[in-house]
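To keep things clear, I will list the structure first and then write my remarks on it.
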Amino acid sequence: MRAFAGASALLLSAALSLPAQQPNDSVRARVDRVFAQWSSREGPGCSAAASQDGKTIYEAGYGSANLEADVPITPSSIFHAASVSKQFTAMAVMLLVREGKLSLDADVHTYIPELPDYRGQRITLRHLLTHTSGLRDQWDLLAIARGRFEENRITQDDVLDIVTRQKALNFPPGTEYLYSNSGYTVAAIIVSRVAGMPMRQFAEERIFKPLGMTRTHFHDDYTMVVKGRTSAYERRRDGQWHVSIPNFDTYGATSLFTTVGDLLKWQENFRRPVVGDTALLRAMQTNAILTNGDTVGYGLGLTLGGAPGMRMIGHNGADAGYRAMTGRYPDQGFAISVLCNAASADPSGLAAKASEIFLGKALPELPSPVALQHRPPPEQLARYTGLYVHPVTGDITYVSLKDRELIVGRTSGPALVPVGDSRFWLPGQRIEWTFQPNGSVVQTYRRRLSQHPVTLVRHDAVRPSAAELAQYAGDYTSPELGATYTVSVADTALSFRTGVTDAWKATPTYTDAFDGDVQVEFTRDPGGRLTGLQLSTGRVRRVWFEKVR
């Protein structure tokens, strides 16, 4: 095994005030240990860079950029940065807004007239950029329609086609936050139409060149040769690394090619604006607010988090085998970027650990409720077990009893910590659960954001017989997706397949509802006759399929 952790590392300590004047080598060694898992040339890895007050203080490459060519990762290696792209699309929109060519609060039909009117519901550019538009997510729609599409090239026109065929939204615009790549693809199309040039050219001329981001571009042709780019990989069940590279030509929501050094130049623009101005950049970093007053922790292409005095503004990304993160702590003048070419890498976690070293202190945690000293008796806990359904999204949550603890899941999952009478705490998600006498449960989010409580409704679980399952068999078609599913019985579950996808299964949950990779809810007319089904995923709700056989 060959390792070269930190081999290309560069530390400029003069630009950073470290606690107790720690030696350069000590800091470098500590950061290298953060990335130790990715230091071998026998596998993929990461590139990392950090800056203090605009000066680069650390650059490093870990692992292999290409396992076939045996090329190491360096700070100048080019990665597909996935959703890190969104902030650059938002900047492109904002530059046109500043010039009076676009309006954040204009109806997007002004620029994309082919979008359905969605029963008169008004979608604005601001909705698109804050994930509050209600547009169904492009990737989930394509996955439902096509299944695995690694071998099928996805273009900007493919995305526009499937998005404009949708007859419904996930929710009324502005009422919820739900991450949707569709909004950013549509935004990029709007930029191209209004600017009169491809999005790639606009970004090159108006953003990348002025900032000196010479190794960055929006990739709109996946067959294009890019010198210095990395390959990407995922480890499969055989334990071996396999190539996992995006094969699409769609951009705006994704497809930024860049380096960690170029991303630091972008971060410095928020401190000392070259592209845009202070007012524009402040607008990008302003929290979106829903119609009910909730804040969402997202601005225009940027995630807004952290604690008072330790704010963190940035974005992560994941496409195929690529993983990415860039962000900054504006109160400390510190920025960091991590780009990886392994599907199992966690750039956000790596960046957080490295940031603690550079900032000289652990990132603050929010206070948590105090756990009860005595656990409630099992008979009390058993009353809270069951199946709970989110009334808006249809998401299903199981609560079970395991080893005298309530867990979130059927047979395994995180434990609910008792903090009061019928009150429990889920630490990882920072949600307080309060079980109600009527059988429902109220979830209260204890984050830094304003968010109203949510009530989950308890449902009786069902175990239909083979004869009862047989009633759901048949063909179901969706004009919105151009897809037809054949449903058949598979033991105690249902099997769903199209002519172009592998079959997937869904198991019964409550009456007429099934759960698998996709949630399924069958519909009936007033007489009880099956009329169709609705498919939902995390980012797509209730796509209608009519029963035709």
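Rule-based calculations on the coordinates, nothing more; no lab input. Note that the structure is predicted; figures quoted are calculated from it, not measured. Glycine gets a Cβ as well: all are built from the backbone with ideal geometry, and neighbour counts include every protein chain shown.
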### Query
Quick one: net charge of residue 174's neighbours, Cβ under 12 Å, K/R +1, D/E -1?
-1
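Exposed loop sites here are GluC sites (Glu not before Pro) in DSSP loop states with at most 15 other C-beta atoms within 10 Å. What is the longest stretch of the chain lacking them? Mind dumping the intermediate values first?
Values: sites that count: 42, 68, 99, 114, 150, 151, 365.
The answer is 152-364.
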### Query
Against the longest principal axis of the chain, how steep is helix 181-195, in degrees 0 to 90 to the nearest 10, with axes from Cα atoms?
50
### Query
Is it possible to state the helix-based mean residue ellipticity at 222 nm for the chain, with each DSSP H run of 4+ residues giving -39500 (n - 2.57), the sum divided by total residues, to the nearest 500 deg cm²/dmol? What is it?
-5500 deg cm²/dmol
### Query
Quick one: putting +1 on the C-beta of Lys and Arg, -1 on the C-beta of Asp and Glu, what dipole do you get for the range 378-459 around its Cα centre, in Debye to the nearest 20?
200
### Query
Binned at 10 Å from 0, what are the whole-percent values of the Cα-Cα distance distribution for the chain, short to long?
3, 16, 24, 27, 20, 8, 1, 0
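With a 10 Å Cβ neighbour count serving as the proxy for reagent exposure, in which order, fewest first, do 71, 417, 274 appear?
274, 71, 417
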### Message
Please state the shape class of the range 233-329: rounded when a/c is under 1.5, otherwise prolate if a/b exceeds b/c and oblate if not, all from the C-alpha gyration tensor.
### Response
prolate
### Message
If amide hydrogens are placed 1.01 Å from N in the peptide plane, which non-local residues have theirs closer than 5 Å to the one on residue 419?
### Response
372, 424, 425
### Query
What residue among 90, 166, 252 has its Cα farthest toward the positive end of the dipole of the chain, where the charges are +1 on Lys, Arg and -1 on Asp, Glu, each on the Cβ?
90
### Task
Once you have a ≥ b ≥ c as the square roots of the Cα gyration tensor eigenvalues for the range 466-547, tell me rounded if a/c is under 1.5, and otherwise prolate or oblate according to whether a/b is larger than b/c.
rounded
### Query
Per-residue HN-Hα couplings for the range 484-494, Karplus 6.51 cos²θ - 1.76 cosθ + 1.60 at θ = phi - 60°, whole Hz, x for Gly and Pro?
10, 9, 9, 9, 9, 7, 10, 6, 9, 10, 10
### Message
As a footprinting exposure proxy, order 334, 218 by other Cβ within 10 Å, with the fewest listed first.
### Response
334, 218
### Message
Over 10 Å intervals from 0, what percent of Cα-Cα pairs in the range 46-204 sits in each interval?
### Response
9, 32, 29, 20, 9, 1
#### Entry: Tally of Lys pairs whose C-alpha atoms are under 29 Å apart, taken over the range 80-359, 8 or more apart or cross-chain
13
### Task
Run through all the Cα pairs of the range 340-410 and give the fraction in each 10 Å bin from 0, expressed as whole percent.
15, 22, 24, 29, 9
## Note on the structure
So for the range 15-118, using the alpha carbon gyration tensor with a ≥ b ≥ c as root eigenvalues (a/c under 1.5 gives rounded; past that, a/b versus b/c decides prolate or oblate), I'd call it oblate
### Query
Taking only C-alpha pairs under 8 Å that are 6+ residues apart, what is the relative contact order of the chain in percent?
13
### Message
Nothing charged except the Cβ atoms of Lys and Arg (+1) and of Asp and Glu (-1): what's the magnitude of the dipole of the range 466-547 about its Cα centre? Round to the nearest 20 debye.
### Response
160
#### Entry: Hz values of 3J(HN,Hα) by residue in the range 129-138 - Karplus curve (6.51, -1.76, 1.60), Gly and Pro given as x
7, 10, 6, 10, 6, x, 4, 5, 6, 4
#### Entry: Centroid-to-centroid separation of the range 316-331 and the range 514-528 [C-alpha atoms, Å]
37
### Query
Where Rh is the Kirkwood radius over the Cα pairs of the range 80-359, the temperature 4 °C and the viscosity 1.567 mPa s, what D in µm²/s does Stokes-Einstein return?
67
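Do any trypsin sites (Lys or Arg not before Pro) in the range 84-154 lie in a DSSP loop with no more than 14 other beta carbon atoms within 10 Å, and if so, which? Intermediate values should be presented prior to the final figure.
Working: sites: 86, 98, 101, 119, 122, 126, 136, 146, 148, 153; in loops: 101, 122, 136, 148, 153.
Those satisfying the criteria are 101, 148, 153.
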### Query
Which far-off residues, 5 or more places away or on another chain, put their amide H under 5 Å from the one on residue 102, with H placed in the peptide plane?
97
### Query
Going by how many other beta carbons lie within 10 Å of each one, how would you line up 518, 338, fewest first?
518, 338
### Query
If one takes the longest principal axis of the Cα atoms in the chain, at what angle in degrees, from 0 to 90 and to the nearest 10, does the Cα axis of helix 24-34 lie?
20
### Task
Return the Cα extents of the range 378-459 along principal axes one, two and three, sorted largest first, each rounded to a whole Å.
34, 24, 24
### Query
Angle between the Cα long axis of helix 347-359 and the longest principal axis of the chain, 0 to 90 degrees, nearest 10?
40
## Note on the structure
Here the range 40-52 yields Karplus 3J(HN,Hα) values (6.51, -1.76, 1.60; θ = phi - 60°; whole Hz; Gly and Pro given as x) of 7, 6, 7, x, x, x, 9, 10, 9, 8, 9, 9, 10
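Among residues other than residue 159 whose Cβ falls under 13 Å from its Cβ, what is the net charge (Lys/Arg +1, Asp/Glu -1)? List each step's numbers first, then the result.
Numbers: positive: 136, 146, 153, 165; negative: 114, 137, 140, 157, 158, 161, 220, 249.
Surrounding charge for residue 159 is -4.
Could you please report the charge total around residue 264, scoring K, R as +1 and D, E as -1 over all other residues with beta-carbon less than 14 angstrom from its beta-carbon?
My count for the surroundings of residue 264 gives +2.
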### Query
At q = 0.24 Å⁻¹, what log₁₀ I(q)/I(0) does a Debye calculation on the Cα points of the range 314-368 give, no solvent, two decimals?
-0.92
